[in-house]
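Below is one structure, written out as structure tokens; comments come after it.
Just so it is clear, none of the values below were taken in a lab; they were calculated from the coordinates. Keep in mind that this is a model prediction, so the values were computed, not measured. Cβ atoms come from the backbone with ideal geometry, glycine included; neighbour counts cover every protein chain shown.
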Amino acid sequence: MAALSAAAVRKQVAAGSPDSIYLLFGEDEIEKSALAADFSALVEEGLRAFNVDRIHAGEYTTGDRLIDGVAGILDAVRTLPMMAPRRVVVVMQAETLLAPKRESDAALRAMEQLEALVREPEPTATLVLVATAVDKRSRIFKLLLKQATIVECGVLETLDDAERWVQTRVSAAGAAIDPAAARLVAQRAGVDVKRLRADVERLVLYALGQKQIALEDVRAVIGPAALQDDWAMTNAIEAGLTGEALRQLALILDAGAPAEKVLGQLGWVVRAKFPALAPAEVGPAVEALFRTDLDLKRSAGDARILLERLVVELCGGKRTARRW
């Protein structure tokens, strides 16, 4: 049928005019889960227990389980809706269906049944297949390409998409963000998912413990894409300015500086500045440096996040010293 953006699909759902089959795929797990959950809005809240099914296909690891699982999906789709215009059937981990790990007679029969459903979808049901990765060369994907609506999650086209992406990520982290703040994040990063992800992770870390992230938080952490000077980050740490230090760290990393070089700068500020500015924090700061160095060498996490946490720790210690 067609490839649509997540925003276009949400408009279909809001208008109550969905297609019969959707395939949501891509590495953006949060966006996929959020979009899949939005389909429940097609059914009134009080009737969802009877008309909305959520099926996990991750356990369909053998031919027998696969054929039983597909039979269950067919039953759910073909059951007539109760006091509602349609049923909604969401299948999570659908990559197990679309690319069975083992080929057997049972698996082949299951695929034939699934393909028959795709060719002739039920008019009173919407089937949503949610997959991490798909083999675009496979027969089932080519069939879905003709019969289903395809949504690749994680592809942003407009600032509205980026703003919604920010709100979803912050919500998944257990917080909320003011609309104006989410808009500013989107405006500064654009539709660059990589930068958006880094900005939101830094923002959530900065606002740790807050229930609501405000415009002032964004302005404190996320700056324009221009690096002022090489030592702005260390100067901000000396002053105990967490937001400015995180912003400068982001600019340094976005400019292509290797993590090892940044760690060296942070080590310098601890060795050269902390003994005079925050003598009580030298020990904890050195321990944090060694831990981060070890984590970087072991690849025990994303380098950007490891360095951001170290900067927050160093600034926190500096603020403690200033109060005394």
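Relative to the Cα centre, the charge distribution of the stretch 112-268, modelled as +1 at Lys and Arg Cβ and -1 at Asp and Glu Cβ, gives a dipole magnitude of about 320 debye.
GNM on the chain, alpha-carbon springs under 10 angstrom: the most fluctuating residue among 137, 119, 169 is 137.
In a reduced charge model with +1 at each Lys and Arg Cβ and -1 at each Asp and Glu Cβ, the chain shows a dipole moment near 440 debye about its Cα centre. Here the stretch 158-222 and the stretch 1-70 have alpha carbon centers that stand 26 Å from each other. Taking amide H positions as modeled 1.01 Å from N, with prolines and chain starts lacking one, the residues under 5 Å from residue 54 and 5 or more places away or on another chain are 90. Dimensions of the stretch 206-299 from C-alpha coordinates, computed as largest minus smallest value along each principal axis and given longest first, are 35, 30, 27 Å. In terms of overall dimensions, the C-alpha atoms belonging to the stretch 6-118 reach 42, 33, 21 Å along their principal axes, ordered largest to smallest.
The translational diffusion coefficient of the stretch 162-260, from Stokes-Einstein at 10 °C and 1.306 mPa s with a Kirkwood hydrodynamic radius over alpha carbon pairs, comes to 117 µm²/s. Summarised in one figure, the compactness ratio Rg/Rh of the stretch 92-156, Cα atoms and Kirkwood Rh, is 0.96.
Beyond 39 Å, the tail of the calculated P(r) for the chain holds 32 percent of the Cα pairs. Put simply, when 52-60, 40-48 are sorted by average Cβ atoms within 10 angstrom per residue, most first, you get 52-60, 40-48.
In the chain, the DSSP-assigned H stretches of four residues or longer account for a calculated mean residue ellipticity at 222 nm of -18000 deg cm²/dmol, using -39500 (n - 2.57) per stretch and the full residue count as denominator. The long axis of helix 29-38 is offset from the longest Cα principal axis of the chain by roughly 50 degrees.
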